[in-house]
Amino acid sequence: MKFVTYEVEGQTGLITINRPDALNALNSQVLEELDHILDEIDQSSVRALILTGAGEKSFVAGADIGEMSSFSKEEGEAFGKRGNDIFKRLETFPIPIIAAVNGFALGGGCELSLSCDIRICSENAVFGQPEAGLGITPGFGGTQRLARIVGPGMAKQMIFTARNIKAEEAYRIGLVNAIYPQNELLTEAKKMAKGIADNAPIAVRNCKKAINDGLQVDMDQAVVIEEKLFGDCFETYDQKEGMGAFLEKRKEKRFMM
Ligand code: CO8
C-alpha cells in the first residue's frame, strides 16, 4: 500500500489516507487502496474504526483534479461510480466509522467524511463542496448525503455557492459532532472509538444497520427493520451478559462477537 495505511490498537482500527504532498487528494490508486483496506479489517476483533488524513493540514482535499481534468464523459461517470461504490461500502460497513477530520475536507474529502457514521474535526478543519466552481457536480455522493445530514437548504447553499466553511460553522449546522485542538483530535477519536468498542458489538452493528436501512424507507417499514434487528439481539451472548450483569449488579461485562 502506498497511499493508505491501517493500524490496529486494541479493538480500534485506524485508517489513514497518506498522500500529504497532494493534501491526501483521492486519485484512482488511493480509492483502490481504500477499498482493499476494507477487505483486510478483521471484523471479529475490531469494533470501531477511525478514518483520518496524514499530516496536520488536510483530511482529504478532494478528488485528484489533475487526474480528472482530462476525463471524457464516460471516464467521469466511471470514476464517480468507483468512488460511490467504495463510499457506499464505508457507509454500510458493519463496524462504525468515525471520521477524524484534521484539516481540509473539500469535494470528495467532504464526501468521504459524509460516508462515515460520525464526524469530529480539528479547529483548523475546512469543509466544502467546491465542485460547482470547477464545472462539475459533487460526484461521490455529496448531493445526497450532505442534504440528508445538514438538510437540503444548507446543502444547496454550500453546493451552489461552493463556499468553504470553517469548523465552527460545520459544528453549528450539524456537519460535525465536536471540534478539538489538532493535537487532541486523534486522542478524542480513540476515546470515542473505545466508548463504542466497550458496548456489545452485535448490538452496535445492528444499531448502525437499523439507522442506515431505516433512513432508506418510510417510517412504517423502518420500525419493522428495527423490530427485526432488536429481536435478533435476543439470540446473542451479549444480550444475556449485558442484562445478566445488570440484574446481578455486576459492573464487569464481557461482550463477544
Ligand atoms: N487534487 C490534486 N492535487 C491537489 C488537490 C486536489 N484536489 N488539492 C491539493 N492538491 C495539491 C496541490 O496541487 C499542491 O501540489 P503541488 O505542491 O505539487 O503543487 C499540493 O496539493 C498543496 O496544495 P496547495 O499548494 O494548493 O496548498 P494551499 O495550502 O495553498 O491550498 C487548498 C490548499 C485550499 C486545499 C487548495 O489546495 C485547493 O483548493 N485544493 C483543491 C480543493 C478542491 O477543489 N477540491 C475538490 C476537488 S473536486 C472533487 O473532489 C470532486 C469529487 C467527486 C468526483 C467525482 C468524479 C466524477
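The values are calculated or read from the model by the stated rules, or taken from the named source; none is laboratory data. Because the structure is a prediction, the values reported are computed rather than measured. We place every Cβ from the backbone using ideal geometry, glycine too, and count neighbours over all the protein chains shown. Note: accessible area is taken over every heavy atom of the protein model, side chains too, but ligands, DNA and RNA are not part of it. Shrake-Rupley method; radii C 1.70, N 1.55, O 1.52, S 1.80 Å.
Selection within the stretch 48-80: residues that are over 30 Å from PRO181 (Cα atoms) and aromatic (Phe, Trp, Tyr). The member of this set that is surrounded by the fewest Cβ atoms within 10 Å (Cβ to Cβ) is PHE71. When the criteria are applied in full, LEU134 fails the requirement of being closer than 25 Å to ARG89 by Cα and either at pLDDT 95 or above or of a type outside the set (Phe, Trp, Tyr) (or both).
Close Cβ contacts (under 6 Å, 6 or more residues apart or on different chains) running from residues in the stretch 158-171 that are within 15 Å of the ligand (Cβ to nearest atom) to residues that are part of a helix (DSSP H, G or I) and not β-branched (Val, Ile, Thr) comprise ALA162/ALA132; ALA162/GLY133. Among the candidates GLU235, GLU169, the residue that is modelled with pLDDT of 95 or more, of a type in the set (Asp, Glu) and within 20 Å of the chain's Cα centre (by Cα) is uniquely GLU169. Regarding the stretch 223-235, can at least one residue be identified that is under 28 Å from GLY107 (Cβ atoms), small (Gly, Ala, Ser), free of Cβ contacts under 8 Å to residues at least 40 places away in the same chain and open to solvent by 30 Å² or more (accessible area, probe 1.4 Å)? The answer is no, given that none of the residues of the stretch 223-235 is under 28 Å from GLY107 (Cβ atoms), small (Gly, Ala, Ser), free of Cβ contacts under 8 Å to residues at least 40 places away in the same chain and open to solvent by 30 Å² or more (accessible area, probe 1.4 Å). Just checking, how many residues over the stretch 99-129 are assigned to a loop (DSSP other than H, G, I, E, B), within 15 Å of the ligand (Cβ to nearest atom) and more than 10 Å from the chain's Cα centre (by Cα)? The total comes to 6.
Figure legend. Inter-residue proximity from the stretch 78-105: first residues over 22 Å from SER58 (Cβ atoms), second residues part of a strand (DSSP E or B), beta-carbon distance below 8 Å, spacing 6+ or different chains. Indicated pairs: PHE93/LEU49; ILE95/GLY13; ILE95/ALA48; ILE95/LEU49; PRO96/ALA48; PRO96/LEU49; PRO96/ILE118. Taken over the stretch 125-163, the criterion of being open to solvent by less than 70 Å² (accessible area, probe 1.4 Å) and of a type in the set (S, T, N, Q) is satisfied by GLN129, THR143. Applying the condition of being charged (D, E, K, R) and touching a helix residue (DSSP H, G or I) at 6+ places or on another chain (Cβ under 9 Å) to the stretch 18-43 and asking which residue is most open to solvent (accessible area, probe 1.4 Å) yields GLU32. For the stretch 49-85, residues that are among the hydroxyl-bearing types (Ser, Thr, Tyr) and either under 12 Å from LEU26 (Cβ atoms) or under 23 Å from the mean Cα position of the chain (by Cα) (or both) total 2.
Looking only at the stretch 81-98, filter to residues that are assigned to a helix (DSSP H, G or I) and open to solvent by less than 10 Å² (accessible area, probe 1.4 Å); which one of those is farthest from PHE140 (Cα to Cα)? Looking at residues that are assigned to a helix (DSSP H, G or I) and open to solvent by less than 10 Å² (accessible area, probe 1.4 Å), I get LEU90. Screening ILE179 on (1) among the β-branched types (Val, Ile, Thr); (2) open to solvent by 40 Å² or more (accessible area, probe 1.4 Å); (3) within 19 Å of GLY13 (Cβ to Cβ); (4) touching a residue at least 12 places away in the same chain (Cβ under 8 Å) shows it passes everything except condition (3).
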